[in-house]
Each structure stands twice: as C-alpha cells, then as structure tokens.
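Here's the structure we're looking at; comments come further down.
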Amino acid sequence: MTTPSFDTVRYEVADHVLTLTLNRPDRLNALTRAMRRELCAALDAADADDAVRAIVVTGEGRGFCAGFDLAAGPEAFDVRRRAGSDATDDEVPGRDGGGLLSLRLFACTKPLIAAVNGPAVGIGVSMQLPMDIRIASTEARFGFVFNRRGVMPDACATWFLPRVVGISRALEWSYTGRILPAEEALAGGLVSRVVPPAALLPTARGIAHEIATQAAPVSVALTRQAMWRMLGADHPMQANIVESQGIAARGASADAREGVSAFLEKRPARFGNRVSADMPDFYPWWSEPAYRIPPRP
C-alpha cells in the first residue's frame, strides 16, 4: 500500500506500528481544520492497511498539541461566523469539528496509543480521550481549559472524560481549567504511566509492537469496539450477547486454531486473518446512523 503524505501530519510505518506525528512544531502543533482533516484521512488509511496493527500518536518538537489554533483571534471559536466562508466539504453544519475527529478515533479498528511529549491543552487533550492508552513524558502538561476561554468542552469530552477519570475529577478539571502536571494526570487515571522524555516513544512503540506481534488483529479490533461501546450499555446482558457472537465466530476461525497450536507447540503465533477482509458477519453489531460521520469526497 502506498504511504500517504500529508502537510501537517507525519505518517510512518515500521514493524506493523504506525506513528502519527502532529507536525506544526512552530505552533506547538495547534490543531487546524486542515490538520483535523488529515488526521481523519490518516486513520482511514490505517484502517484500510492490514500492515498497520497499532497506532502511536505524538507531537513534533516540545509540544503534543496546544489546542485549537487561535490565529483567527477573538472570533476563532465562532463557527456561525465561519460557516460559508472557509467551511469545507467534510465539515457538518452545526457540528463541532473536534467531535468529528473524536468520533473517527472512536470508530478506529486499530489500537491507539497517545505518547504525550509536552503541553496538551483544549482539543490537544480531549482528542486523546478516545485513544486506548495514554503515556506521558515528565514534560507533559494537560489542561481542559475550555471554560477559561469562554466556551465548553469539545471533541465529545463530556462523554469520554467522566468515563476515563470519573465524574467528580472530570468536573473539577473542567470547571477550573487548570494546567495539570503529568503526575496529577497519572494519579487521576488520565495517563497510565509517566516516563522520562527519552523513554516516551520507545515505551509507546514497545507496547504497540507487543500488540502488533502477539495479538490477532481481528480479535484486537473486536475487543476495542466491544469495550468502548459497552461503556454505554445499560445491562451486562448486552456484553454477553456480543461476546457470545464473537467467541462463536472467532472460535471457528483460522486464527483460533493457530493460537492454540502455537501455544501447544511453544512457538510464536502467526495470525493470518485480516481486519480488512475477515471481520465476522455480525460486525458491526450496533446501529447509529444519526451519528455516523458523512463520507469525505
């Protein structure tokens, strides 16, 4: 598959791990609509490429993402004024663009690991919430600063943040908008570990490589979607129904036979089923047409 090229995002695949690097270091990788579109396109490419089995997202330079680029000045957040001027074909009228990015991250079939190398505020932190694992450098800082800017949380943070850190902490961090050091983010469950700057990418890529080389890609894709979507289920029976279908389909697959054989023969498994072609018939098991992101031209 041809490696895609972008202006604001660097796309690099090695050993089945895709590293997506936000690449506007002169602006601390502040998000623009162009960068959001490129991130969504990068995720489209990754989902379609069976050579990609895990994704690491990080920032170039000393920042992860300084939030939405406020170069437009005091009217930067006024989407009503912007509509009809520089709105683009893939923007949905009346819908938060950061939310479209979060919904695309949520729909991804590959596991997502955030390697937070520096400041991450506003959309820079809310975009991390649909990612599965967040690892911070000791230089990382986090801020849900929306209320301090006179707006409110974006990128579906009001759904994700309470599920990640609990409602009380989510409200405290959002109300105050204060900047959190990496250790507070760790204590609050926003990140799973804090490491020295030099260890950040090796740690994130190490986890990604373990997933890419040890786990069956189709099983990973099913597990990712099941766990995230069960956060909104109102009874464990819903999990039982989905898991029963998944176990039946996967148990009859070539991957399951290979996994058991590899265990018995004490060798690494060689999983052949592909996310692009071998997802079970019951997938997807949900219906959400009202929330689906329109296809881009």
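The values are calculated or read from the model by the stated rules, or taken from the named source; none is laboratory data. As the structure is a computational prediction, the values presented were derived from the model and not from experiment. All Cβ positions, even for glycine, are placed from backbone atoms using ideal geometry, and neighbour counts span all protein chains on display.
Observations on the structure shown:
- Of the listed requirements (1) closer than 19 Å to ASP69 by Cα; (2) at pLDDT 95 or above, ALA114 misses just one: (1).
- Lone unmet requirement of (1) in a loop (DSSP other than H, G, I, E, B); (2) at pLDDT below 95 for GLY98: (1)
- Which listed residue, of LEU171, LEU231, is surrounded by fewer than 18 Cβ atoms within 10 Å (Cβ to Cβ) and over 21 Å from the mean Cα position of the chain (by Cα): LEU171
- ALA115 meets all of the listed conditions (1) assigned to a loop (DSSP other than H, G, I, E, B); (2) closer than 28 Å to SER276 by Cα but one, namely (1).
- As for the stretch 280-290, it holds at least one residue that is out of contact with any strand residue (DSSP E or B) (no Cβ under 6 Å at 6 or more places or on another chain), surrounded by fewer than 16 Cβ atoms within 10 Å (Cβ to Cβ), acidic (Asp, Glu) and not in a helix (DSSP H, G or I).
- Count of residues meeting criterion [among the basic types (Lys, Arg) and surrounded by fewer than 22 Cβ atoms within 10 Å (Cβ to Cβ)] in the stretch 17-42: 3
- Residue match in the stretch 119-138 (condition: among the hydrophobic types (A, V, I, L, M, F, W, C), in a helix (DSSP H, G or I), under 16 Å from the mean Cα position of the chain (by Cα) and at pLDDT 95 or above): yes
- Of all residues in the stretch 161-176, one or more are within 30 Å of GLU12 (Cβ to Cβ) and part of a helix (DSSP H, G or I).
- PHE144 vs. criteria modelled with pLDDT of 95 or more, crowded, with 21+ Cβ neighbours inside 10 Å, farther than 29 Å from ALA14 by Cβ and out of contact with any His (no Cβ under 9 Å at 6 or more places or on another chain): yes
- Options LEU161, LEU129, LEU101, LEU112; residue that is in contact with a Lys or Arg (Cβ under 8 Å, 6 or more places away or on another chain), touching a residue at least 24 places away in the same chain (Cβ under 8 Å) and buried (at least 21 other Cβ atoms within 10 Å of the Cβ): LEU101
- Exactly one residue out of ALA54, ALA45, ALA71, ALA14 is surrounded by fewer than 21 Cβ atoms within 10 Å (Cβ to Cβ) and under 16 Å from the mean Cα position of the chain (by Cα): that is ALA45.
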